[in-house]
Amino acid sequence: MKLPGWKRAGDAPVYDHDSGVRVHTTGLCRMPSGEFVWGNRWPESRRLERFVRIHGGNRKRGVMGWALDVFFRSEA
């Protein structure tokens, strides 16, 4: 089960959101502006793992939630 607004982009574990955010389940996120955010570097790794825990340990849903959080933090 994916979060609302997400669709799979091809055969790889890459997902696109309606907002223009693209995320890979390893934790690489591309913003609509073209900026990349890597979720495996501190302090983002801490935020990413928090979202995985919030989503019951499901990495895919956790990464999707984290990517939207990164997007909305960059918009503020």
(request) For segment 33-76, build the charge dipole from Cβ charges (+1 Lys, Arg; -1 Asp, Glu) around the Cα centre, then report which of V70, V37, V52 sits farthest towards its positive end. (result) V52
(request) Run the numbers on the chain and let me know its relative contact order in percent, using alpha-carbon pairs under 8 Å that are six or more apart. (result) 22
(request) Kindly put D18, D69 in sequence by how many other C-beta atoms sit within 10 Å of each C-beta, fewest to most. (result) D18, D69
(request) Give the label of the value calculated from the structure for Rg and Dmax of the Cα atoms in Å, choosing from (i) 11.2, 33; (ii) 15.3, 49; (iii) 12.1, 38. (result) (i)
(message) I want to check the label-to-label distance for F72 and E49. Put each point 7 Å from Cα in the C-beta direction and report it in nm to one decimal.
(response) 2.4
(message) If the only charges are +1 at each Lys and Arg Cβ and -1 at each Asp and Glu Cβ, what is the size of the charge dipole of segment 1-50 around the Cα centre, to the nearest 20 debye?
(response) 140
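No value in this document is a laboratory result; all are computed from the given coordinates. The shown structure was predicted, so the numbers you read here are calculated from the model rather than taken from an experiment. Ideal geometry is used to build each Cβ from the backbone, glycine not excepted, and the neighbour counts take in all protein chains shown.
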